[in-house]
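Chemist: Just dropping this structure here.
Read-outs: derived from the displayed coordinates by stated rules, not from any lab. Keep in mind that this is a model prediction, so the values were computed, not measured. Neighbour counts run over all protein chains shown; Cβ positions are idealised from the backbone, glycine included.
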Amino acid sequence: MLKVNKKEFVDGLSVVGKVVRTTPTMPILSNVKIEVKEGRGKIIGTDLEIGIIYYFNCEGDDTEFLVSEKLLEDIVKSLSDETFTIDVDEGFIEIKTKSNLYKVRTVNDEFPFISIENVDKRLDFKTEDIKKGLKKVNFSIGLPERTRIEFTSALFEIKKDMVKIVGTDGNRLALYRNGDFKRDEKEFEFLVPKQSINMLINILSFEKKDTITFGFSGKSFYYEGDKIYFISRLGQGKFPDYEMVLPKENSNFLVLNREELIKALSRINLITREGTGKVTFERVDDTLKLYGFSTEVGEGVENIDIVEGNLKNKVKIFLDTKRVIEGIKYIDDEKIKMLVFDPEAPITFKGLNDENFLYIIMPYRSE
């Protein structure tokens, strides 16, 4: 018999369930494996691209069993007591509290799990830095069902004194830089699929260590924290040459108040979301004019004071309203610098005093 804390167990099922609930390629993958040895339990799940082990504390005998993840989570969530017991019998488990008893059929089959061999590279990150970097880049990565394979992963470039994380869907790009890390002697690069990044962002919210380590082999990488072991296959394809779209040194620029720009674009989006989604940026003397139009609902104009800049008057730039907002909200600076080499070339947004994050978006062609 096992005695288990409900909250800790539900937390574990919630984490592991995110990979189990993806469309399973085999029926067995809709289950989780529960293992207990010497008072430490494991909830294990995989889709054969990602594997997660969640560690939990318990009291009782060593055991292991396979059971439906969704059914187990639904039952345990609904229990009224803070603790419950699990009895393992032949072909079943019994879940008990003072007032509840559920008998659930187990699965008698081999449970697959992906593994990693020949780990030859390691990276140490500050936990808050890697969480920040993943969030700042993840939104810009292409969705697997909508884009080519090379746009569905983030690129990690590990250089002598800098880590770069880059994501793109072909129409926009986010780049995060960080120099506070430790690595082996080698410089290298690798791709991490968007699904794996989604999982990592969630998993790292449970991490209490200040610094975490990732290990890499030729095709996989892993991370192990206090509560969670995570393993993932690396991404496929060749990442595009992103340096081609980085801002030119002689770009013109505008400096704007970040909050004012986000609020103005959010109001314009109330109009443009019903139509093309397009917003026009135009410098008019000391203000930036934002104009949105939709044949269905009408039009809107916003004027924002320009802090400084050398972009010429009357130059018009056509951008996607929603996509601009999605990127600039990750800029950690009160002032945003907008870099314009050409109105029809990639437009860059960055913090005025922050070189660690760039957001680049392709404009629409002039009308």
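Chemist: How big is the dipole moment of the stretch 147-294 about its Cα centre under a simple scheme where the beta carbon of each Lys and Arg is +1, that of each Asp and Glu is -1, and everything else is neutral? Debye, nearest 20, please.
Modeler: 380 debye
Chemist: Under a point-charge model restricted to the Cβ atoms of Lys and Arg (+1) and Asp and Glu (-1), what is the dipole moment magnitude of the stretch 91-154 relative to its Cα centre, in debye to the nearest 20?
Modeler: So the magnitude is around 480 debye.
Chemist: Still on this structure, please answer the following. Counting only C-alpha contacts under 8 Å and six or more residues apart, can you give the relative contact order of the chain as a whole percent?
Modeler: Computed value for the chain: 13 percent relative contact order.
Chemist: Sticking with this one: With equal scatterers on the alpha carbons only and no solvent term, can you work out the Debye log10 of I(q)/I(0) for the chain at 0.09, 0.12 1/Å?
Modeler: Debye intensities relative to I(0), on a log10 scale: -0.64, -0.94.
Chemist: Ordered by residue, what ³J(HN,Hα) values in Hz, to whole numbers, does the stretch 173-182 give under the Karplus form 6.51 cos²θ - 1.76 cosθ + 1.60, where θ = phi - 60° and Gly and Pro are x?
Modeler: Values, residue by residue: 8, 10, 10, 10, 10, 8, x, 9, 7, 10 Hz.
Chemist: Would you work out the charge dipole size for the stretch 247-361 about its Cα centre, treating the Cβ of every Lys and Arg as +1 and the Cβ of every Asp and Glu as -1, and quote it to the nearest 20 debye?
Modeler: Dipole size: approximately 240 debye.
Chemist: Right, here's the next one. Which peptide among 83-90, 134-141 comes first, and what is the full order, when sorted by highest mean count of other Cβ atoms within 10 Å?
Modeler: Output ranking for 83-90, 134-141: 134-141, 83-90.
Chemist: Using a Förster radius of 41 Å, what is the FRET efficiency between Lys135 and Ile114 based on their Cβ-Cβ separation? Nearest 0.05, please.
Modeler: Step by step, r from the Cβ atoms, then E = 0.95.
Chemist: Shifting gears a bit: State, as an integer percentage, the relative contact order of the stretch 2-105 based on alpha-carbon contacts under 8 Å between residues 6 or more apart.
Modeler: 29 percent
Chemist: Considering the dipole of the chain built from charges on the beta carbon (Lys and Arg +1, Asp and Glu -1) around the Cα centre, which of Tyr229, Gly351, Leu200 is farthest to its positive end?
Modeler: Gly351
Chemist: Taking other Cβ within 10 Å of each residue's Cβ, how do Tyr55, Tyr291 sort, fewest first? Before the final figure, lay out the partial values.
Modeler: Details: Tyr55 16, Tyr291 19.
Going from sparsest to densest Cβ surroundings: Tyr55, Tyr291.
Chemist: Highest first, please rank the peptides 313-325, 108-120 by the mean number of other Cβ atoms sitting within 10 Å of their residues.
Modeler: Taking the mean over residues of other Cβ atoms within 10 Å, the ranking is 313-325, 108-120.
Chemist: For the charge dipole of the stretch 1-59, defined by +1 on Lys and Arg C-beta atoms and -1 on Asp and Glu C-beta atoms about the Cα centroid, which residue among Leu48, Gly12, Leu29 has the Cα displaced farthest towards the positive pole?
Modeler: The residue sitting farthest along the positive end of the dipole is Gly12.
Chemist: Beta carbons within 10 angstrom, averaged per residue: use that to sort the peptides 358-366, 304-312, highest first.
Modeler: 358-366, 304-312
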